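Asks: One structure coming up, written as structure tokens, with questions to follow.
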Amino acid sequence: MPSLRHHIDLGESALKDGSHPERARRDAELLLMHSLKRSRAWLITHCDELLGEDLSVTYTELLDRRRKGEPIQYITGETEFYSLPFLVTPDVLIPRPETEHLVEKVIELATDFAAPRIVDVGTGSGAIAVALAHKLPQASITATDISSRALALTEENAKRNGVAVRFLAGDLLAPVAGERFEIIVSNPPYVPTADRDSLDVEVREYEPALALFAGDDGLDVYRRLIPAAFDALADGGFVALEIGYGQSAAIAKLLACAGFEQIEFVPDLQGISRVACARRP
């Protein structure tokens, strides 16, 4: 009966034929940890132990799913964002490290207010809303999403991280019609439909299209959200949006046309404008 170390070696070899061979060993270890329901520390100290036949079959099945391109986060059902644990399913976009720049910007903006009312539009897994609730206990956080399944997952993630978030179902800001907020934040769909074939298979074939694509130029949701955000903000309030590569000029124009001022962009670690921020006068 082969050892755990042997299974990791076999898994790495199998995954080198997959979509991301550079992550083959790491993914092989993660899938074995998931099969065993054990931590990395345990795996390191017990790698000479043997793996039972049933778990070996389970592990092989998981490797095959990963080799075909299924994101490891969907296979294991969890991921980490802003150093917090999150459940994820194919109903929601997998939180990206780049989105942490958006969270950081909102935390900075929130210092202008004693008890800011914040709404996360299109919350998905709830990564942004939960991270903000965790860092800003003085804030009142609302999360909206058109998907009831996404909202159910958001609620689970809020409970998992011990934070209070209000959950409302509906399109963009419709669920909070008539309310006013100090900050509106969103990571909306922004990928042009024409770019679909250029995406990694694990994104293109597995993540929800509703959370990815937004028309021919990727701006369809911004065209609706930005003017709606202006109307829903209190005077002096901020909108903060994640944006895609090359969209900053178009987003700046949409923000200005809606009446926003103090328009700025925050770059990611590659120097790409990742967050758009503006203030309602």
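Every number here is computed from the coordinates shown, using simple stated rules; none is lab data. On a predicted model such as this, the values are computed, not experimentally measured, just so you know. Positions of Cβ are generated from backbone atoms using ideal geometry, with glycine treated the same way; all protein chains shown enter the neighbour counts.
Asks: Express in whole angstrom the spacing between the alpha-carbon centres of region 191-266 and region 28-89.
Replies: For region 191-266 versus region 28-89, the Cα centre distance is 34 Å.
Asks: Shifting gears a bit: Cα convex hull of region 4-68: mean projected area in nm², to one decimal?
Replies: Seen from a random direction, the Cα hull of region 4-68 projects 3.8 nm² on average.
Asks: To make sure I understand the rule: partners must be lysines, Cα under 30 Å from the Cα of K16, and not fewer than 8 residues away in the same chain. Which ones qualify?
Replies: K37, K68
Asks: Label L10 and D216 with points 7 Å out from Cα along Cα→Cβ: what is the distance between them in nm?
Replies: In this crude spin-label approximation the distance works out to 5.3 nm.
Asks: Of the listed peptides 148-161, 16-29, what is their order by residue-averaged count of other C-beta atoms within 10 Å, with the highest listed first?
Replies: Sorting 148-161, 16-29 by mean packing, highest first, produces 148-161, 16-29.
Asks: Extension gain D48-R149, at 0.36 nm per residue separation less the Cα-Cα distance, in nm?
Replies: 32.2 nm
Asks: Something else: Between 0 and 90 degrees, rounded to the nearest ten: what's the tilt of helix 100-110 against the longest Cα principal axis of the chain?
Replies: 40
Asks: Still on this structure, I have one more. Using the per-residue mean of other Cβ atoms lying within 10 Å as a proxy for protection, in what order, highest first, do the peptides 40-46, 74-80, 216-222 fall?
Replies: 216-222, 74-80, 40-46
Asks: Treat each spin label as a single point 7 Å out from the Cα along the C-beta direction, and report the A169 to L199 distance in nm.
Replies: Between A169 and L199, the simple spin-label model gives 2.4 nm.
Asks: Now for a different question. First select every other residue whose beta carbon is under 14 angstrom from the beta carbon of H134; then total the charges, Lys and Arg +1, Asp and Glu -1.
Replies: Its environment carries a net charge of -1.
Asks: Rounded to the nearest 0.05, what FRET efficiency is calculated for R96 and A177 with R0 set to 45 Å and r the Cβ-Cβ distance?
Replies: The formula returns an efficiency of 0.90 here.
Asks: Here's a follow-up. To two decimal places, what compactness ratio does region 154-281 give when its Cα radius of gyration is scaled by 2.2 N^0.38 Å?
Replies: In units of the globular-protein estimate, region 154-281 measures up at 1.12.
Asks: Between helix 248-258 and the chain, what is the angle of the helix's C-alpha long axis to the longest principal axis, kept within 0 to 90° and rounded to the nearest 10?
Replies: Rounded to the nearest ten degrees, it is 40.
Asks: To test your reading of the geometry: what angle, between 0 and 90 degrees and rounded to tens, separates the Cα axis of helix 148-160 from the longest principal axis of the chain?
Replies: 80
Asks: With the contact rule set at Cα under 8 Å and sequence spacing of 6 or more, what percent relative contact order holds for the chain?
Replies: Relative CO of the chain lands at 14 percent.
Asks: How many percent of the alpha carbon pairs in region 54-212 exceed a separation of 27 Å?
Replies: Of all Cα-Cα pairs in region 54-212, 26 percent lie more than 27 Å apart.
Asks: Can you list the equivalent-ellipsoid semi-axes of the chain, largest first and in whole Å, using the square root of 5 times each Cα gyration tensor eigenvalue?
Replies: 39, 20, 15
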